[in-house]
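Colleague: Right, I'll just put the structure down here and ask away after.
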Amino acid sequence: MPVPVPDDTSGPFWAACAAHELKLSRCTNCGWFAYPPRAVCLQCLITPPAFGWDPVSGRGTVRTWTVVRQAFLPDFAAEVPYVVADVELVEQPGLRFLARLRGTAPSEPAIGLPVQVAFDEMGGGIAIPYFVPAAM
Amino acid sequence: MAGKVAIAGYAHSPISRRVDMPLGALTVRTVLEAIADAGLGIDDIDGFTTGALHPSSGAGAVIDGDQTVTSDWLIQHLGVRPRWLCGFQGVGQICGSVILATNAIASGAADYVVVHRAMYNPPGSYHGNDMTEAVGADQWSAPHGYWGPPAMIALPYMEYLQCYGATRGDMAHVVTGARAAGALLPWSAWYGKPLSTEEYLKSRMITDPMSVLDCDMPVNGVGAFVLTSAERARDLPHKPVYVAGFAQGRSGPDNGVDQWPLADLMDGGEAVARMLWESTGLAPHDIDVPQVYDGFTPFVYFWLEALGYCARGEAHDYVKDPGISPGLPFRTGGGAVGNGRMHGVPQMLECYLQLAQRAGDRQLARAETAFACQAAPCMGGVVAYTTEPVS
């Protein structure tokens, strides 16, 4: 799998994932969550930017999805078919997170399906978030 | 701006999966043919522009003259020193280039401008990328197995299908129509190769609900146009086709990964459509040759709805009318599905050929107004053309 390379901006995100916690970049001036992290807060445009990192619930609903059947990334060839979902997190309207959705058949996702984040250990201190249907 | 600038000539290379000469050489040849077609010589041309993005998300290097051809490369190899040279940076490349050229001519920065577009099909998988590490922006997509434009378009298309009850069978009308038109075009990669509904429905799925035939086929090819002022165009051999107005899309707020929720895509598209209709004074049903973009087939629905041909959610029914809708020849130019991945050139070419009365056997009885779209309606462009200079 393509291994994410934490950088000055993304380091805290991947460190939290390694601890199986979802933390997102958040403007300390206006409270706006930014995922992925942005250069500037799109809500208040404060400069210099004043982003911190806040934990989120990892809960959300499926906005839409695709079933990947041809892997353009060869490392995913053994995984097809798999579902990539566009999940809107509960913390903020329009706060979207694209990740794999597991635990459903390719035909099973639905718009509005409640989901919950989980983490996949990659080794080397990296864990990748993905979603599963939320426990009812 | 309307009516001040016209297309005076064109040339188009054969479109093919593999090229038998370097893309730069094919571009030089095609551009020289376009200049001659306009009744001009190389020394008359004093402006050059293109949008040179090579849209593959594969891992191969992009070398100017091989995988893409900038106007800068072109003038160096033509050995000319134009007074105006400009590159369009963004998506909607052919529309953006035409808009730059139109403004340059109208302002007097250049008198005769070559707009070209050169497209390249790399060996191997177009979007295949064997990265082992995901650096920078890629770390938010690749580790999730999310990669490449087809998936990006599949997400809002799935939303469309789910929200409006559309089916892949509906889209068959778009694809078979485009291929029927493309089968008549001698330069097309699909010349003589129409497609049946059954073949479309059986085609290999790439990323649901997109099959391989919902994506235009990567090709090599070059299109070139010569633009000049309305006054100068009237002294040249071919009937001028006037730029009547244009609009460019903006993606809206940065969404981090290149993917738009359907509603955002349509809000942005409707804003572009408003700009087009306001800049031209025209309305959808004034247009004789509407050439919507189809590089990914869902864009046909999105453009038709954004431009006001039908309401949101209705395009999948609208396209089932014969000829998409009686009297509206959306598909005469074949588009990207009927030609190959020429990034908006087929749409512009069809506008030009029909309005210049140069479409041969395909000539429409009425062809006085046209538009050519490219890319997604929220992040692309559209240029309108007329046979009479409207202002």
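Colleague: Could you run through region B:285-313 and say how many residues are in a helix (DSSP H, G or I) and either within 19 Å of the chain's Cα centre (by Cα) or aliphatic (A, V, I, L, M) (or both)?
Modeller: Number satisfying all stated conditions: 10.
Colleague: So B:PRO346 ticks every box in (1) at pLDDT below 95; (2) outside any loop (DSSP other than H, G, I, E, B) but one. Which box is left unticked?
Modeller: (1)
Colleague: Continuing with the same structure: Inside region B:183-206, can you point out the residues that are free of Cβ contacts under 8 Å to residues at least 24 places away in the same chain and of a type in the set (A, V, I, L, M)?
Modeller: Hits for region B:183-206 are B:LEU195, B:MET205.
Colleague: Here is a further query. Test B:HIS316 against the criterion of being assigned to a helix (DSSP H, G or I) and open to solvent by 40 Å² or more (accessible area, probe 1.4 Å), and give yes or no. So that I can check it myself, show each step before the final result.
Modeller: Numbers: assigned to a helix (DSSP H, G or I): yes; open to solvent by 40 Å² or more (accessible area, probe 1.4 Å): no.
Here the answer is no, as B:HIS316 does not meet what is asked.
Colleague: The conditions are (1) open to solvent by less than 50 Å² (accessible area, probe 1.4 Å); (2) at the interface with chain B (Cβ under 10 Å from one of its Cβ atoms); (3) assigned to a strand (DSSP E or B), and A:ALA110 fails exactly one of them. Which is it?
Modeller: For A:ALA110, the failing item is (3).
Colleague: For region B:20-38, which residues satisfy the criterion of being open to solvent by 50 Å² or more (accessible area, probe 1.4 Å) and in a loop (DSSP other than H, G, I, E, B)? Talk me through it step by step, then tell me what you get.
Modeller: Taking region B:20-38 and keeping what is open to solvent by 50 Å² or more (accessible area, probe 1.4 Å), we get B:20, B:22, B:29, B:32-33, B:36.
Correct list: B:ASP20, B:PRO22.
Colleague: Scan region A:21-60 for residues that are open to solvent by less than 60 Å² (accessible area, probe 1.4 Å) and among the β-branched types (Val, Ile, Thr) and jot them down.
Modeller: A:VAL40, A:ILE46, A:VAL56
Colleague: Also, quick follow-up: When region B:39-75 is examined, which residues are found to be assigned to a loop (DSSP other than H, G, I, E, B), touching a helix residue (DSSP H, G or I) at 6+ places or on another chain (Cβ under 8 Å) and in contact (Cβ under 8 Å) with a residue 12 or more places away in the chain?
Modeller: Those that are assigned to a loop (DSSP other than H, G, I, E, B), touching a helix residue (DSSP H, G or I) at 6+ places or on another chain (Cβ under 8 Å) and in contact (Cβ under 8 Å) with a residue 12 or more places away in the chain: B:ILE45, B:GLY51, B:ALA52, B:LEU53, B:PRO55, B:SER57, B:GLY65, B:ASP66, B:GLN67, B:VAL69.
Colleague: Name the residues in region B:349-364 that are open to solvent by 10 Å² or more (accessible area, probe 1.4 Å) and part of a helix (DSSP H, G or I), would you?
Modeller: B:GLY360, B:ASP361, B:ARG362
Colleague: Further, regarding this structure: Going residue by residue through region B:131-151, is there one that turns out to be over 20 Å from B:ALA263 (Cβ atoms), touching a Gly at 6+ places or on another chain (Cβ under 6 Å) and of a type outside the set (Phe, Trp, Tyr)?
Modeller: no
Results for (1) closer than 23 Å to B:GLY148 by Cβ; (2) in contact with a Cys (Cβ under 8 Å, 6 or more places away or on another chain), shown as yes or no for each residue.
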position	(1), (2)
B:VAL212	yes, no
B:MET217	yes, no
B:VAL222	no, no
B:LEU227	no, no
B:HIS238	no, no
B:VAL241	no, yes
B:GLN248	no, yes
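Colleague: Cβ contacts < 7 Å: first residue over 22 Å from B:TYR160 (Cα atoms), restricted to region B:281-299; second residue surrounded by fewer than 24 Cβ atoms within 10 Å (Cβ to Cβ) and of a type in the set (Phe, Trp, Tyr), any location; separation 6+ or different chain. Result?
Modeller: Pairs found: B:ALA283/B:TRP277; B:PRO284/B:TYR309.
Colleague: Tell me, please, whether a residue that is more than 7 Å from every other protein chain (Cβ to nearest Cβ), out of contact with any Ser or Thr (no Cβ under 8 Å at 6 or more places or on another chain) and in a helix (DSSP H, G or I) can be found in region B:105-125.
Modeller: yes
Colleague: Does at least one position in region A:120-134 carry a residue that is over 21 Å from A:HIS20 (Cα atoms) and open to solvent by less than 50 Å² (accessible area, probe 1.4 Å)?
Modeller: no
Colleague: Can you tell me which residue among B:ALA178, B:ALA106, B:ALA134 is surrounded by fewer than 24 Cβ atoms within 10 Å (Cβ to Cβ), of a type outside the set (Phe, Trp, Tyr) and touching a residue at least 60 places away in the same chain (Cβ under 8 Å)? Don't jump to the end; show me each part of the working.
Modeller: Working: B:ALA178 fails: surrounded by fewer than 24 Cβ atoms within 10 Å (Cβ to Cβ); B:ALA134 fails: touching a residue at least 60 places away in the same chain (Cβ under 8 Å).
Among B:ALA178, B:ALA106, B:ALA134, only B:ALA106 is surrounded by fewer than 24 Cβ atoms within 10 Å (Cβ to Cβ), of a type outside the set (Phe, Trp, Tyr) and touching a residue at least 60 places away in the same chain (Cβ under 8 Å).
Colleague: For B:GLY128, indicate whether it is modelled with pLDDT under 95 and open to solvent by less than 10 Å² (accessible area, probe 1.4 Å).
Modeller: Against the criterion (modelled with pLDDT under 95 and open to solvent by less than 10 Å² (accessible area, probe 1.4 Å)), B:GLY128 does not qualify.
Colleague: Could we say that B:LEU213 is open to solvent by less than 30 Å² (accessible area, probe 1.4 Å), out of contact with any strand residue (DSSP E or B) (no Cβ under 8 Å at 6 or more places or on another chain) and modelled with pLDDT of 95 or more here?
Modeller: It is false that B:LEU213 is open to solvent by less than 30 Å² (accessible area, probe 1.4 Å), out of contact with any strand residue (DSSP E or B) (no Cβ under 8 Å at 6 or more places or on another chain) and modelled with pLDDT of 95 or more.
Colleague: Moving to a separate point now. Within region B:285-298, how many residues turn out to be closer than 16 Å to B:VAL383 by Cα and crowded, with 17+ Cβ neighbours inside 10 Å?
Modeller: Matching residues across region B:285-298 total 8.
Colleague: Something else about it: Filter region A:124-136 down to residues that are in a strand (DSSP E or B) and away from chain B (no Cβ under 13 Å) and give me whichever is nearest to A:ASP7 (Cα to Cα).
Modeller: Taking the candidates together, the pick is A:VAL132.
Colleague: Are there any strands (runs of 3 or more DSSP E) wholly within region B:136-251 with 1 or more residues that are among the aliphatic types (A, V, I, L, M) and either more than 14 Å from every other protein chain (Cβ to nearest Cβ) or within 27 Å of B:PHE371 (Cβ to Cβ) (or both), and if so which? Break it down stepwise before answering.
Modeller: Numbers: elements: B:205-207, B:221-229, B:241-248.
The strands (runs of 3 or more DSSP E) meeting that bar are B:221-229, B:241-248.
The values are calculated or read from the model by the stated rules, or taken from the named source; none is laboratory data. These figures come from a predicted structure and were not determined experimentally. Note: ideal-geometry Cβ built from the backbone for every residue, glycine included; neighbour counts use all protein chains shown. The accessibility values were calculated without ligands, DNA or RNA, using every heavy atom of the protein model including side chains. Shrake-Rupley method; radii C 1.70, N 1.55, O 1.52, S 1.80 Å.
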